[in-house]
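Working notes, structure below.
Laboratory data are not the source of any read-out in this text; all were calculated from the coordinates shown. Note that this is a predicted model, so its numbers are computed, not measured. Counting neighbours? That spans all protein chains shown, and the Cβs are built from the backbone with ideal geometry, glycine included.
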């Protein structure tokens, strides 16, 4: 019985791993490519994909022999967004940000010590910055992540860094607490964060925090685009737009910055 249970857990783990792989490839993948990325036999991969397809979590495109994420995976993932009740109200603000800046607008939260993008409105530019919803990034490599961290105390940030370490993704990523705290100080002064090619070389992101009714950081919003379209002389103006949008969304949610929030009764 114990062996059957172990085998069942392994199958579930492998199937979920296949879903994660599919979610990173909108154009679809062949079973051999999925098997290689998952480090599984092609026969095992095909069996798991077929099971996922029967349940609606994977979809097969026979004309090109490509596998995609299925509709049920979207339905299950959408439940996460519904649980965070700021996702739907944020969409008009993201669309406005996209239209004003002509860049991709994003909404993100900290989850399990990483920044997760949970909603997005894509730029209409041919070349655009896309970190798809569901994507996870080390907090110190993310504009939205740093915007949220900047609302914490220095001691809490230091404890966070000690727990997670620094996982640099580019040559510009933070590698130690000293430079990270200098960045945090700049964020607190100007009211917005800058991912200066720290997540992906050639991409920049400007982000600001959105507050909850209890004076806590609920989420962050940002615009991201090619560094060539977000040069230094435009960052301050874009930062002001993003910061204003974040405060407008805060108002929409009934949120308050911590200095204005009223503590709940004891």
| query | Roughly how many whole Å is it from the C-alpha centroid of the stretch 139-154 to that of the stretch 13-62? | reply | 34 Å
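Which order do 123, 32 fall in if you start with the one that has the fewest other Cβ atoms within 10 Å? Before the final figure, lay out the partial values.
On the way: 123 22, 32 12.
In order of increasing Cβ crowding within 10 Å: 32, 123.
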| remark: Fewest-first ordering of 51, 153 by Cβ atoms within 10 Å yields 153, 51
| query | Angle, helix 71-83 long axis vs. longest principal axis of the chain, Cα atoms, 0 to 90°, nearest 10? | reply | 30 degrees
| Which labelled figure in [x] 21; [y] 35; [z] 31 is percent of Cα pairs over 31 Å apart, once derived from the coordinates | [y]
| query | Ranked highest first by average number of other Cβ atoms within 10 Å, how do 96-104, 207-215 line up? | reply | 207-215, 96-104
| query | Where does helix 232-252 land angle-wise versus the long Cα axis of the chain, in degrees 0 to 90, nearest 10? | reply | 80 degrees
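Please compute the contact order of the chain in relative form: average sequence separation of alpha-carbon pairs under 8 Å and at least six residues apart, divided by the residue count, as a percent. Each step should come with its number before you reach the end.
Numbers: 448 pairs, mean separation 36.8, N = 266.
Contact order relative to length: 14 percent.
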| said: For the chain, take the longest principal axis of its alpha carbons; what is the angle in degrees between that and the long axis of helix 177-190, to the nearest 10 within 0 to 90? | reply: 60 degrees
